[in-house]
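One structure is given here, and the rest of the page talks about it.
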C-alpha cells in the first residue's frame with residue numbers, strides 16, 4: 001500500500017512539474033496563421049541565415065520570423081546563431097570575444113551581408129510579422145535578455161521570446177510577465193555534454209513548474225517524448241515544432257503542434 005501511495009505522489013508531482021501556462025493561447029493565434037522562417041528566409045548561398053536580406057525576404061513572402069540574439073564583447077545585441085564565427089564567416093573565434101566593430105570586418109558566407117544588430121532587424125520588419133526571439137543559452141544570457149527587452153520596448157510589432165535555458169524563461173516570468181515566453185527543448189541525451197540529471201530535467205520539461213512557459217518549442221523529431229506529449233495532449237499547451245525541413249515533416253507535425261518553424265524548403269500554404 002505504501003508503495004502505491006509513493007507512486008501516486010510521484011506521478012502527481014511529475015504532472016505538476018511539467019505543467020505549462022495555458023492561459024495565453026489566444027495571444028499566440030497570429031503565429032498559427034503563418035509558417036515561421038528559421039533564421040529568416042535564407043538559402044546560405046546568396047542569402048545567409050540571420051541576415052538582413054533573409055529577414056526582408058521573409059517579410060516579402062508573408063512568413064513569420066525566428067531569429068537568435070546574443071551579446072558581443074562590448075554589449076551590442078546582434079543576431080547570430082552559433083557560438084563560433086567559423087561556420088558563417090570563416091573566422092575561428094567566439095562571437096562573445098569580439099566587439100561589434102570587429103564583426104563589421106567579417107562577411108556572412110562570402111556575401112556582402114554582415115552580422116546585423118537586433119535593432120537594425122526590427123527596423124525592416126512589418127509590425128504584423130510574428131517574430132520569435134531566441135535568446136541563446138550560452139554565456140551572458142540574462143544580460144542578453146535584459147538588452148533584448150530594453151530594445152524591444154520601442155517596437156510596436158508582434159513578438160515573443162524563448163530560450164533553451166530555463167533561467168531565461170524564469171527571468172521573463174519573474175520580471176517581464178507580460179512578454180509571451182517559450183521553453184525550447186529537445187532530446188538532450190542525443191548529444192549534450194551536461195550531467196545526467198540536467199539532461200533528464202531539460203528533456204522532460206521538469207522546470208516548467210518554475211518557468212511556466214506560454215508555449216513549448218520542441219524539436220519535432222523528438223515529439224514521442226512522454227512529457228512533451230502530455231503537455232500537448234493532456235494540458236493542450238501551445239506547441240511549436242522546430243525545425244521542419246520538408247512537406248512530409250510538416251504534415252506529420254500537425255498531430256502535436258500548432259506552430260511550425262521551417263527552413264530548406266517552401267511550405268505549401270494550401271495544406
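Just so it is clear, none of the values below were taken in a lab; they were calculated from the coordinates. Since we're looking at a predicted model, the values are computed, not measured. Cβ placement follows ideal geometry from the backbone for every residue including glycine, while neighbour counts extend to all protein chains displayed.
If I take R0 = 45 Å and measure r between the Cβ atoms of residue 209 and residue 61 in this structure, what FRET efficiency does the formula 1/(1 + (r/R0)^6) give, to the nearest 0.05?
The pair residue 209/residue 61 has a calculated efficiency of 0.70.
Tell me which label goes with the value of semi-axes √(5λ) of the Cα gyration tensor in Å computed from the coordinates here: [x] 27, 20, 19; [y] 30, 25, 18; [z] 32, 21, 18.
So the calculated entry is the one marked [z].
Let me make sure I get this right: for the stretch 191-238, a, b and c are the square roots of the gyration tensor eigenvalues over alpha carbons, sorted descending. Under 1.5 in a/c it's rounded, otherwise prolate if a/b > b/c, else oblate. Which is it?
Oblate.
Relative to the present Cα-Cα distance, how much length would full extension add between residue 199 and residue 107 at 0.36 nm per residue of separation?
29.6 nm
In terms of the Cα gyration tensor, with a ≥ b ≥ c the square roots of its eigenvalues, is the stretch 83-169 rounded because a/c is under 1.5, prolate because a/b exceeds b/c, or oblate?
oblate
Using a/c under 1.5 as the rounded threshold, could you call the stretch 116-271 rounded, prolate or oblate? The axes a ≥ b ≥ c are square roots of the C-alpha gyration tensor eigenvalues, and prolate needs a/b larger than b/c, oblate otherwise.
oblate
Quick one: angle between helix 141-152 and the longest Cα principal axis of the chain, in degrees between 0 and 90, rounded to 10, please.
Compared with the principal axis, the helix lies near 60 degrees.
What nm value, rounded to one decimal, do you get for the distance between residue 254 and residue 10 when each label is placed 7 Å out toward the C-beta?
With each label placed 7 Å out from Cα toward Cβ, I get 4.0 nm.
For the stretch 178-200, list residues with backbone N below 20 Å from a point placed 7 Å from the Cα of residue 143 toward its Cβ?
Backbone N within reach: none found.
Between the stretch 89-113 and the stretch 130-186, what's the alpha-carbon centroid distance in Å?
24
Can you pull the one-decimal nm distance between simple spin-label points at residue 3 and residue 46, each 7 Å off the Cα toward Cβ?
6.8
For the chain, take the longest principal axis of its alpha carbons; what is the angle in degrees between that and the long axis of helix 2-17, to the nearest 10 within 0 to 90?
That helix lies at roughly 30 degrees to the long axis.
When a footprinting reagent is the concern and you count Cβ atoms within 10 Å, what order do 207, 260, 196, 189 take, fewest first?
196, 189, 207, 260
Taking R0 as 45 Å, what FRET efficiency do you get between residue 229 and residue 75 from their Cβ-Cβ distance, rounded to the nearest 0.05?
0.65
Assuming 0.36 nm per residue, please report the length gained on full extension of the stretch residue 155 to residue 191 beyond their Cα-Cα distance.
9.3 nm
Given 0.36 nm per residue, what is the gain on full extension from residue 87 to residue 24 after removing their alpha carbon distance, in nm?
Result: 18.9 nm gained on full extension.
For the pair residue 96 and residue 123, what calculated FRET efficiency results from E = 1/(1 + (r/R0)^6), where r is the Cβ-Cβ distance and R0 = 30 Å, to the nearest 0.05?
After rounding to 0.05, the efficiency reads 0.80.
Let me check against my output: what whole-number percent is the relative contact order of the chain, with C-alpha pairs under 8 Å and at least 6 apart?
Taking the mean separation of contacting Cα pairs over the length of the chain, I get 20 percent.
Determine, for 238, 32, the number of other Cβ atoms within 10 Å of each Cβ, and report the residues in order from fewest to most.
Ascending Cβ contact count within 10 Å gives the list 32, 238.
Using only Cα atoms, find the angle between the long axis of helix 166-175 and the longest principal axis of the chain, and express it within 0 to 90 degrees, rounded to the nearest 10.
Result, in degrees: 90.
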